[in-house]
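Heads up: the structure comes next, in structure tokens.
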Amino acid sequence: LESRNLIRRNRNISRGIELVGRIGARRNIVAIPVIGQIAAGAPIPVPEDLETAEAEEVIELSADLVPDGGRGLFALRVKGHSMVDALINDGDIVLLRRQETCENGETVAVWLKDQKETTLKKLYYEGDRVRLQPANVTMSPIYTDPDNVEIQGKLVTVVRSVS
């Protein structure tokens, strides 16, 4: 790989390997827009229309790590600690598939219409109400009317930086 100029090695650093070339030249790389932040705690305001929101940054991943080559996916940076028991921490990036429905217990980005806020929680339909359940034993669920809830996307994967 080094002789074909696909990688550059730094022999003075353990695992000192760097990819060479432009991003577009690499195969199987998917660019997913990071369009903002989402609360994993108390809900926070976000743009009403995620479809037209401009990307603050782009996260690039191997196509092997994302379903359908990344089509229909968007990313949000997590703020808060309500999902730590689901291994979603403050500062992580969550990849979500745009969809408006989900099954009980799935982790979703939910737009609360009346409050004009969004949050990342596990969603449960309970008769005439919806329970947005945090994955943190120290936090209480949010209960709301089903008409107040608009699902923005379903969690696909979590990307964490260890630096």
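Hey, could you check segment 18-36 for residues that are assigned to a loop (DSSP other than H, G, I, E, B) and within 18 Å of LEU65 (Cα to Cα) and say which is modelled with the highest pLDDT? If we take residues in segment 18-36 being assigned to a loop (DSSP other than H, G, I, E, B) and within 18 Å of LEU65 (Cα to Cα), then ASN28 is modelled with the highest pLDDT.
Could you list all residues from segment 122-136 that are surrounded by 18 or more Cβ atoms within 10 Å (Cβ to Cβ) and either assigned to a loop (DSSP other than H, G, I, E, B) or in contact (Cβ under 8 Å) with a residue 40 or more places away in the chain (or both)? Scanning segment 122-136 gives PRO134, ALA135.
Just one residue in the set GLU100, GLU106 is acidic (Asp, Glu) and over 14 Å from the mean Cα position of the chain (by Cα); that residue is GLU100. Restrict the check to segment 71-91 and report whether at least one residue is surrounded by fewer than 19 Cβ atoms within 10 Å (Cβ to Cβ), touching a Phe, Trp or Tyr at 6+ places or on another chain (Cβ under 7 Å) and either of a type in the set (Val, Ile, Thr) or not in a strand (DSSP E or B) (or both). Looking for residues that are surrounded by fewer than 19 Cβ atoms within 10 Å (Cβ to Cβ), touching a Phe, Trp or Tyr at 6+ places or on another chain (Cβ under 7 Å) and either of a type in the set (Val, Ile, Thr) or not in a strand (DSSP E or B) (or both), one finds none in segment 71-91, hence no.
The values are calculated or read from the model by the stated rules, or taken from the named source; none is laboratory data. Nothing here was measured: the structure is a model prediction, and the numbers come from that model. Quick reminder, even Gly has a Cβ in these numbers, built from the backbone with ideal geometry, and neighbours come from all protein chains shown.
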